[in-house]
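Here is the structure we will look at, set down as structure tokens.
No lab work stands behind these numbers, since they all come straight from the coordinates. Just so it is clear, the model here is predicted, and its values are computed rather than measured. Here Cβ is always computed from backbone atoms with ideal geometry, including for glycine, and neighbour counts include all displayed protein chains.
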Amino acid sequence: MFFVYILKSESSGKFYYGSSENPDLRLINEHNKGKVRATKSGLPWILIYQEEFATRGEAYQREHYFKTWAGRRWLKSKDIT
């Protein structure tokens, strides 16, 4: 199983959209340890949303959708961001 996930920075309020086989471990072992350049400046991060997919490709497509204007509007309509 693969997941698309959204993190929120507790210090800056910014969002990060990603995909992984295990978002909880990626959050603990990489994002919150400063190992990811894109999230290093916003420590600490919390997981606010995730969706499960059968393939990496499906998760990757959904991640890219969330990064579009339409995707962000959809997330806002669901009161996620």
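Structure notes:
- Sparse-neighbour loop sites [GluC sites (Glu not before Pro); segment 15-81; at most 16 other C-beta within 10 Å; DSSP]: Glu21, Glu30
- Residues in segment 7-41 that a label on Arg56 would reach, taking backbone N under 15 Å of a point 7 Å out along Cα→Cβ: 19-23
- The chain shape via C-alpha gyration tensor axes, a/c threshold 1.5: oblate
- In order along segment 51-59, the phi-based Karplus estimate (6.51 cos²θ - 1.76 cosθ + 1.60, θ = phi - 60°) of 3J(HN,Hα) comes to 10, 9, 9, 6, 10, 5, x, 5, 5 Hz; Gly and Pro are listed as x.
- In this structure, the amide hydrogen of Lys14, modeled 1.01 Å from its nitrogen in the peptide plane, lies closer than 5 angstrom to those of Ser9, counting only residues at least 5 positions away or on a different chain.
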